[in-house]
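Q: This is the structure I want to talk about, given as structure tokens.
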Amino acid sequence: MIRFAQTLLRRSTWFVAVFQAALVVFALFVSWLLRFDFTLPYRRLLLLTLPILLLVRLAAIARFNLLHGWWRYAGISDALDVIKAVAVGSVGFIVVMRYVLGIVAFPRAVYVLEPVITAGLLCGVRLFSRVLAESVRKDYSARKRVMLIGAGRGAQTILREIRRPDSPYVAIGCLDDDPSKQSIRINQVPVLGPIKELAQILSSYPADEVLIAVPSATAQQMRRFVEICNQARVVFRTVPALKDIIAGEITVNHLREVSLEDLLERDPVCLDLQSVQREIEGNAVLITGAAGSIGSELCRQVLNYSPQRLICLDQSETGLFFLRLELQKMRNGPQAKFCVADVCDRERVAKVLAENKPSIIFHAAAYKHVPMMESNVQEAVKNNVVGLLGLLNLAEEAGCESFVLISSDKAVNPTNIMGATKRVGELIISSRPAKHMRCVSVRFGNVLGSNGSVIPVLQQQLQNHQPLTVTHPEVKRFFMTIREAVALVLQGFTIGTHGDILVLDMGEPVRIVTLARSLIRLCGKSEDEVPIRFTGLREGEKLEEELFYDNERLIPTSCTKIRRTRGPHRHWTDLQHQLEELRLSLTVDGASPVRAKIKEIVPEYTFQGEWKIHKNAQFNLQDYLERAMGQD
């Protein structure tokens, strides 16, 4: 029996054809015996018609794709196909016998009995083969016992996958809060009770793992599932999104760990993909900071809109190397070009622009780490402000049509030099006169998983079995996923007009300590096992970030997730004069002159010791600037 099942599992077409032919022969002989009281008269007629019946039957079976794979996937659809094949074959057999060959002596009762017996045998052997194949799976004891949370469509899909012979799992039960589903069976697997009783049910039905099969679960529901699994002290995983379930793209191999993104209250983003396609398709697109978190995701999504070419620019050779390996696997990967360059290197950038003539530039190259920039003030200004100014001028000279600056929520009432330079960038974009290039800036908060951000740091500490460090128990930040942020940046690029500062809807701010506790739960641990230590706010940090200035007017756009801001207008000539003074201040020793000049441009900028710096540095800086500009 085992050898027979293994032969079936090989899905050999010739074996299936011969085996089904044998069933047809058997059905014909049985029907003949039934018609003639278990005797075999007219044997010559029987043997002459047998090859005709076999040809007709096998042709119909092949027509309905029943010559391979039936032992693993037998179901209602297969039974219907068998009935159709038998019906078509019977009609064909009668036509050939009576009207083509003119054989009228063939018993009419056999015309009825044979197809009934054949259909029963073909359906029965499929059912038997499936049961037998599943009963002789190898290494049954090595498979994981799993309990499913959910008894809906997602669970049914997973259970069908689990029943396959090569599945590494065996399902022992489902849990669901719907009272109407209690005590029923889903694909032969019982619904054992409500989700909240997971711990008690596992004591009676031990499982190695829990599969959260609720693809439509909200973040609040997912947090509840995670909490229940942690209380039961069991390993858990989840299924992909609902759209993948509906599309039938899910398999057991697609099960994944529950991520922090699953626990965030983020509504799905609805985008006007056609408008993004119209703007990007057939155009050359340049992305600076392409190897970074935002820049690399921009590259991935822009490639999906079929640009004429994509120029990925970054000063990180290693980052570009790995980005190239990834993008080359994409459908439009050959359109990507990779340039190692510093945005502050005017000659190099000018050459890249002249060679590639981009129509669209996404400027994501910027220093972003607050504590690091607090001790490297001049570099922050050089890269984030002077580099931006130079790139804008070169882009316009090269005939670029659209320029998008990636800004930050730290640009609002900044308390650090990084945020202040981002605010200066916004002022440059909003004040620069419109000529031939449309300039837009997009402001948003933190993204989950970006390089060097708080989440990867906490995850690394968890992996190293270290206490999680959080600066302050009340510190809050806005968070969204990288994919969502970049998708909204692309949408903002299509709807923004020159000088716009567009702000993405970031939802409600989240406490960092809450995220830390969520990460601990996702690891199946408790705070007793992984302590959280508060280290105090670092230089330049504040408890909460903001998305808007008090004097900014908010204007809705065609995308509900994006708002346009209007603030006090800055005269471009005056701002240019201040920016030139800021550039000259970089040549003065120390950060104090630079901070003082930034304070003039962004009055909302506050920092530790600003009054002392303002009092001691202002006169010396002003005297230096007057002498420097007089020499120019």
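The values are calculated or read from the model by the stated rules, or taken from the named source; none is laboratory data. The structure presented is a predicted model; accordingly, all values stated were derived computationally and were not measured. Reconstructed Cβ throughout: ideal geometry from the backbone, glycine too, with neighbour counts over all protein chains shown. Surface accessibility is based on the protein's heavy atoms, side chains included, excluding ligands, DNA and RNA. Shrake-Rupley method; radii C 1.70, N 1.55, O 1.52, S 1.80 Å.
Q: If I ignore ligands, DNA and RNA and count only protein heavy atoms, how much of Tyr367 is accessible to a 1.4 Å probe, in Å² to the nearest 10?
A: Ignoring ligands and nucleic acids, Tyr367 comes out at about 70 Å².
Q: How large is the accessible surface of Phe64 in square angstrom, using a 1.4 angstrom probe and rounding to the nearest 10?
A: 50 Å²
Q: Right, next: Would you give the gap between the C-alpha center of region 26-43 and the C-alpha center of region 381-413, rounded to a whole Å?
A: The two parts, judged by their Cα centres, are 90 Å apart.
Q: Charges at C-beta only: +1 for Lys and Arg, -1 for Asp and Glu. How large is the resulting dipole of region 276-426 about its Cα centre, in Debye rounded to 20? Display every interim value, and only then the final one.
A: Working: 16 positive and 17 negative charges, 61 e Å.
Value, rounded to 20: 300 debye.
Q: Roughly how many Å is it from the Cα centre of region 156-193 to that of region 352-370, as a whole number?
A: Comparing the Cα centres of region 156-193 and region 352-370, I get a distance of 52 Å.
Q: For a test of the definition: using alpha carbon positions, the gyration tensor, and the 1.5 limit on a/c, classify region 282-355 as rounded, prolate or oblate. Let's see the in-between values first.
A: Working: a/c = 2.00, a/b = 1.32, b/c = 1.51.
It comes out oblate by the Cα gyration axes.
Q: Just the accessible area for Lys84, please: 1.4 Å probe, Å², rounded to the nearest 10?
A: Its accessible surface works out to 100 Å², give or take rounding.
Q: According to the square roots a ≥ b ≥ c of the eigenvalues of the Cα gyration tensor, what is the shape class of region 441-592, taking rounded for a/c under 1.5, prolate for a/b larger than b/c otherwise, and oblate for the remainder?
A: Numbers: a/c = 2.63, a/b = 1.54, b/c = 1.71.
It is oblate, given that a/c is not under 1.5 and a/b is not larger than b/c.
Q: Could you please put Arg57, Arg233 in sequence from largest to smallest accessible area, using a 1.4 Å probe? Don't skip to the answer; put the middle values down first.
A: Values: Arg57 5, Arg233 180 Å².
Heavy-atom accessible area, descending, gives Arg233, Arg57.
Q: Which residues' amide hydrogens lie under 5 Å from the amide hydrogen of Lys144, considering only partners 5 or more residues apart or on another chain, with H built in the peptide plane?
A: The answer is Tyr169, Val170.
Q: Now for a separate question. Amide H to amide H under 5 Å from Ile212: which residues, 5+ apart in sequence or cross-chain, H placed 1.01 Å off N in plane?
A: For Ile212, the qualifying residues are Ile149, Arg237, Thr238, Val239.
Q: Next question. Using a 1.4 Å probe and counting only protein heavy atoms, arrange Arg237, Arg309, Arg44 so the residue with the most accessible area comes first. Write out the running numbers ahead of the final one.
A: Working: Arg237 45, Arg309 65, Arg44 185 Å².
Largest accessible area first, the list is Arg44, Arg309, Arg237.
Q: Within the set Lys329/Lys476; Lys196/Lys410; Lys144/Lys525; Lys357/Lys542; Lys337/Lys422, which residue pairs have Cα atoms separated by over 32 Å?
A: On the way: Lys329/Lys476 38 Å; Lys196/Lys410 42 Å; Lys144/Lys525 22 Å; Lys357/Lys542 41 Å; Lys337/Lys422 28 Å.
Cα-Cα > 32 Å for Lys329/Lys476; Lys196/Lys410; Lys357/Lys542; rest within.
Q: Which order do you get for Asp589, Asp178, Asp500 if you rank them by accessible area with a 1.4 Å probe, largest at the top?
A: Asp589, Asp178, Asp500
Q: How much net charge surrounds His465 when only other residues with a Cβ under 13 Å from its Cβ are counted (Lys, Arg +1; Asp, Glu -1)?
A: Values: positive: Lys525; negative: Glu529.
Charge balance near His465 sits at 0.
Q: Work through the residues other than Ile360 whose Cβ is under 10 Å from its Cβ and net out their charges, Lys, Arg +1 and Asp, Glu -1.
A: Values: positive: Arg438; negative: Glu279, Glu401.
Summing Lys/Arg as +1 and Asp/Glu as -1 gives -1.
Q: First check a/c for region 379-420, with a ≥ b ≥ c the square roots of the eigenvalues of its C-alpha gyration tensor; if it is under 1.5, answer rounded, and if not, answer prolate when a/b is larger than b/c or oblate otherwise. Let's see the in-between values first.
A: Values: a/c = 4.66, a/b = 1.94, b/c = 2.41.
Oblate shape, in that a/c is at least 1.5 and b/c is the bigger or equal ratio.
Q: Further question on the same structure: Go through region 344-357 residue by residue and turn each phi into a ³J(HN,Hα) via Karplus (6.51, -1.76, 1.60, θ = phi - 60°); whole Hz please, and just put x for glycine and proline.
A: The phi angles translate into 7, 8, 4, 5, 5, 5, 4, 5, 4, 5, 5, 6, 10, 6 Hz.
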